[in-house]
Amino acid sequence: ITYGAALTSNQLNATASVPGSLAYSVALGTVLNAGTNTLSVIFTPTDTVDYSSATSSVSLVVLPAPLTVTAANANRAYGQTNPVLTGTITGLQNSDNITVTFVSSATTNSPVGVGYAIVPVFSDPNNRLSNYTVSLADSTLTVAKTAPLLTWTNPAAITYGAALTSNQIGRASCRER
């Protein structure tokens, strides 16, 4: 079975050749962790004079469930901080409390035109991630050019015919945003 599936009578299906009762080590409806699990049963016969109790065990392999994590591609301008990176996680079973946030190694001074991987960071307070086969979809944070901040104060008025001087055209300044 795959992780997330509850045990049914398909797995808890021991039989005995005489009347009696079966008591399993796990109950119907139990969800087992991924991996090889041992299921045990104790048989108690109705006729305890002629028959004794018996036990038996079988192995049940529980396959990991698929879990897909997809980060959304993102862009930002050079010199800016990274935006809040978002994405989705799909395939969680049994209300497992696994969450994911996304990070990138890009800094405010990272070069323009370069794509930086967006990486998931898992939070798994109940240690359930081992019950999944995780598939990660590649995503990228792209750093784009930014326009510098250009300021220019209004020049003083001049009379028609007067030549422009640095008082009118020399006051522009440029700085990074």
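The values are calculated or read from the model by the stated rules, or taken from the named source; none is laboratory data. What you see is a predicted model; the values in this text were computed from it and never measured. Positions of Cβ are generated from backbone atoms using ideal geometry, with glycine treated the same way; all protein chains shown enter the neighbour counts. Each accessible area value is taken on the protein alone, full model and side chains, heavy atoms only, with ligands, DNA and RNA left out. Shrake-Rupley method; radii C 1.70, N 1.55, O 1.52, S 1.80 Å.
What the table shows:
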item: Residue satisfying all of: in segment 104-130; open to solvent by 70 Å² or more (accessible area, probe 1.4 Å), polar (S, T, N, Q) and part of a loop (DSSP other than H, G, I, E, B); nearest to A147 (Cα to Cα) among these; result: N109
item: The listed residue being at pLDDT below 95, assigned to a strand (DSSP E or B), surrounded by fewer than 16 Cβ atoms within 10 Å (Cβ to Cβ) and not hydrophobic (A, V, I, L, M, F, W, C), out of T101, T151, T142, T133; result: T151
item: Sole residue being touching a Leu at 6+ places or on another chain (Cβ under 9 Å) and among the acidic types (D, E), chosen from D96, D124, D47; result: D96
item: Test set (1) at pLDDT 95 or above; (2) closer than 19 Å to S130 by Cα; (3) not in a strand (DSSP E or B) - N94 fails condition number; result: (1)
item: Which numbered condition L85 fails, given (1) farther than 30 Å from V31 by Cα; (2) among the hydrophobic types (A, V, I, L, M, F, W, C); (3) free of Cβ contacts under 8 Å to residues at least 40 places away in the same chain; (4) surrounded by 10 or more Cβ atoms within 10 Å (Cβ to Cβ); result: (3)
item: Qualifying positions in segment 41-67 - part of a strand (DSSP E or B) and open to solvent by 40 Å² or more (accessible area, probe 1.4 Å); result: I42, T44, A54, T55, S56, S57, V58, S59, V61, L63, P66
item: Extreme residue, nearest to F102 (Cα to Cα), among residues of segment 68-82 that are in a strand (DSSP E or B) and open to solvent by less than 70 Å² (accessible area, probe 1.4 Å); result: A71
